[in-house]
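Just below is one structure, and these are the notes that go with it.
The values are calculated or read from the model by the stated rules, or taken from the named source; none is laboratory data. What you see is a predicted model, and the numbers here were worked out from it, not measured in a lab. Every residue, glycine as well, gets a Cβ built from its backbone with ideal geometry; the counts of neighbours run over all protein chains shown. We work out accessible area using only protein heavy atoms, side chains counted, and drop any ligands, DNA or RNA first. Shrake-Rupley method; radii C 1.70, N 1.55, O 1.52, S 1.80 Å.
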Amino acid sequence: MIKSPKGSVVAKATPEKFRQVAALPYRLTAEGYEVVMITTRDSGRWILPKGWPIKGLKPHESAETEAMEEAGLIGSAVPKAIGRFTYVKQFPKRQEKVLVDVFPLAIERQLENWQEKDQREVRFFNPVDAAALVSDAGVGDIILAFFVDLAKKKAAGTLKAPTAEKASPLPGEPDVDQASPSNKAVDR
């Protein structure tokens, strides 16, 4: 056990007990790549959609669900995490260190309504701005490394990323010519 500066106890996290998943939602538009960030409900800090693993789902499927619930995003996450970061989560009577695995999520579309729409701000940023704004330590490096890797794959001719297309409509804009979501998260 470790004492935090305010005197509350910070326990060493066990991977099974304090692990979360996060989505790194991105899309390619005619102007370039964009990353979706959301604000926390309490302090308004910029973060990636994240949450606890969901029983019966694979970690990347849980990340898809978090992106849908927190930002209204429908897409496909890759099954392998591209990075990991830790943060300290405040519970009612204690703080705990949480380990978070990050899964890239190629955005297919954004819903007009979703579970936490009125609780968070959702914005699209270019990757450099997203990396600079994110509040969790180490996440900016994960974001930048992901897009550097995409650029290297593009240069090598091995990129299997989404093609540039019209950006997904934002809430309140008409959702026209959108295919049905292929993501299992919509069915959950």
> Any idea how many residues of the range 17-61 are under 17 Å from Arg109 (Cβ atoms) and open to solvent by 10 Å² or more (accessible area, probe 1.4 Å)?
Replying inline: 6
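Each row is one residue, and each column tells you yes or no for (1) of a type in the set (A, V, I, L, M); (2) more than 13 Å from the chain's Cα centre (by Cα); (3) more than 22 Å from Gly32 (Cα to Cα).
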{"residue": "Val98", "(1), (2), (3)": "yes, yes, yes"}
{"residue": "Val102", "(1), (2), (3)": "yes, no, no"}
{"residue": "Arg109", "(1), (2), (3)": "no, yes, no"}
{"residue": "Phe124", "(1), (2), (3)": "no, no, no"}
{"residue": "Leu133", "(1), (2), (3)": "yes, yes, no"}
{"residue": "Ala137", "(1), (2), (3)": "yes, yes, yes"}
> Among the residues of the range 126-158, which ones are closer than 18 Å to Phe85 by Cα, touching a residue at least 60 places away in the same chain (Cβ under 8 Å) and in a loop (DSSP other than H, G, I, E, B)?
Replying inline: Val134, Ser135, Asp136
> Which condition number in (1) more than 23 Å from Ala145 (Cα to Cα); (2) buried (at least 20 other Cβ atoms within 10 Å of the Cβ); (3) not hydrophobic (A, V, I, L, M, F, W, C) is the one that Glu64 fails?
Replying inline: (1)
> Residue check, Leu111 against (1) farther than 15 Å from Arg27 by Cβ; (2) touching a residue at least 40 places away in the same chain (Cβ under 8 Å); (3) surrounded by fewer than 20 Cβ atoms within 10 Å (Cβ to Cβ), all met but one. Which one?
Replying inline: (1)
>> Looking at Ala77, Ala23, Ala71 in this structure, which one is touching a residue at least 24 places away in the same chain (Cβ under 8 Å) and more than 19 Å from Asn126 (Cβ to Cβ)?
In response: Ala77
> When you look at Phe85, is it of a type in the set (A, V, I, L, M, F, W, C), in contact with a helix residue (DSSP H, G or I) (Cβ under 9 Å, 6 or more places away or on another chain) and farther than 16 Å from Lys117 by Cβ, yes or no?
Replying inline: yes
> From the residues in the range 37-66 that are among the acidic types (Asp, Glu) and modelled with pLDDT of 95 or more, which one is nearest to Lys80 (Cα to Cα)?
Replying inline: Glu61
> When only residues in the range 105-125 that are out of contact with any Lys or Arg (no Cβ under 9 Å at 6 or more places or on another chain) and in a strand (DSSP E or B) count, which is farthest from Asp42 (Cα to Cα)?
Replying inline: Arg109
> So Val98 fits all but one of (1) of a type in the set (A, V, I, L, M); (2) under 22 Å from Ala145 (Cα atoms); (3) buried (at least 24 other Cβ atoms within 10 Å of the Cβ); what number is the exception?
Replying inline: (3)
